[in-house]
Amino acid sequence: MDKLLIELARAQQALTSTEAEMAQVLHMHDQQAEETSRSLLLRVDPGAHRHALSYLASLRGQWKQLGLRRQTQLAARDRLRRECAAQQLRLDGLAQHRVDALTEYADEVRQRNSVEQDRDWLARLALARGSALEIMR
């Protein structure tokens, strides 16, 4: 269970990192798009505009790749969550089985002690009756 929880924490950390990277790329894209549109209004430089559009396309490509990585990480995290839940159910079942076994063992010990006490009492009763008969003779 501990191993699964460590894996789940790592998966969640990787997912958080990817989402932060996606947010950063999206922010850079938005800034570049705004700057490109402003620069187009101020001066017309086809080479600079083409370079800015290429950079925007590159940022969109990075964002898409990060989105694919995020989907893979989400699937891995969800799988680990399901495994953790299944493992916890198994552990809970083992714990309940242990409690049941200990209770059953305690019941058996009490039963054995009760039977032993009954035998002891019957033996003392027989001994007492035998002594009473001896005295009467």
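The values are calculated or read from the model by the stated rules, or taken from the named source; none is laboratory data. Just so it is clear, the structure is predicted and the values come from calculations on it, not from any experiment. Backbone-built Cβ (ideal geometry, glycine too); neighbour counts: all protein chains shown. Note: areas computed on protein heavy atoms with side chains; ligands, DNA, RNA excluded. Shrake-Rupley method; radii C 1.70, N 1.55, O 1.52, S 1.80 Å.
Listed residues V115, V44, V25; which is hydrophobic (A, V, I, L, M, F, W, C) and surrounded by fewer than 10 Cβ atoms within 10 Å (Cβ to Cβ)? First the steps, then the outcome.
On the way: V115 fails: surrounded by fewer than 10 Cβ atoms within 10 Å (Cβ to Cβ); V25 fails: surrounded by fewer than 10 Cβ atoms within 10 Å (Cβ to Cβ).
Just a single option satisfies the conditions, and that option is V44.
Got at least one residue in segment 31-41 being at pLDDT below 95, out of contact with any strand residue (DSSP E or B) (no Cβ under 6 Å at 6 or more places or on another chain) and loosely packed, with under 10 Cβ neighbours inside 10 Å? Please lay out each step first, then the result.
So in segment 31-41, the residues at pLDDT below 95 come out as 31-41.
Filter once more, keeping what is out of contact with any strand residue (DSSP E or B) (no Cβ under 6 Å at 6 or more places or on another chain): 31-41.
Next, only the ones that are loosely packed, with under 10 Cβ neighbours inside 10 Å stay: 38, 41.
The answer is yes; a qualifying residue exists.
Scan L74, L102, L56 and give me the residue that is part of a helix (DSSP H, G or I), exposed (fewer than 11 other Cβ atoms within 10 Å of the Cβ) and among the aliphatic types (A, V, I, L, M). Spell out how you get there, then give the answer.
On the way: L74 fails: exposed (fewer than 11 other Cβ atoms within 10 Å of the Cβ); L56 fails: exposed (fewer than 11 other Cβ atoms within 10 Å of the Cβ).
So the residue among L74, L102, L56 that is part of a helix (DSSP H, G or I), exposed (fewer than 11 other Cβ atoms within 10 Å of the Cβ) and among the aliphatic types (A, V, I, L, M) is L102.
Go through segment 62-87 residue by residue and tally those that are free of Cβ contacts under 8 Å to residues at least 40 places away in the same chain, within 11 Å of T18 (Cα to Cα) and either touching a Gly at 6+ places or on another chain (Cβ under 7 Å) or of a type in the set (G, A, S) (or both).
Number of matching residues: 0.
Table: residues versus (1) more than 19 Å from the chain's Cα centre (by Cα); (2) at pLDDT below 90.
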residue	(1), (2)
H51	yes, yes
L59	yes, no
A76	no, no
L80	no, no
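E83 fails exactly one of the following numbered conditions: (1) closer than 16 Å to M28 by Cα; (2) surrounded by 14 or more Cβ atoms within 10 Å (Cβ to Cβ). What is the number of that condition?
(1)
Does at least one position in segment 65-73 carry a residue that is under 30 Å from E7 (Cα atoms) and of a type in the set (A, V, I, L, M, F, W, C)?
Yes: segment 65-73 contains one or more residues that are under 30 Å from E7 (Cα atoms) and of a type in the set (A, V, I, L, M, F, W, C).
Determine, yes or no, whether L89 is in a helix (DSSP H, G or I), closer than 30 Å to Q13 by Cβ, open to solvent by 80 Å² or more (accessible area, probe 1.4 Å) and of a type in the set (A, V, I, L, M, F, W, C). Talk me through it step by step, then tell me what you get.
Details: in a helix (DSSP H, G or I): yes; closer than 30 Å to Q13 by Cβ: yes; open to solvent by 80 Å² or more (accessible area, probe 1.4 Å): yes; of a type in the set (A, V, I, L, M, F, W, C): yes.
When the stated conditions are applied, L89 passes them.
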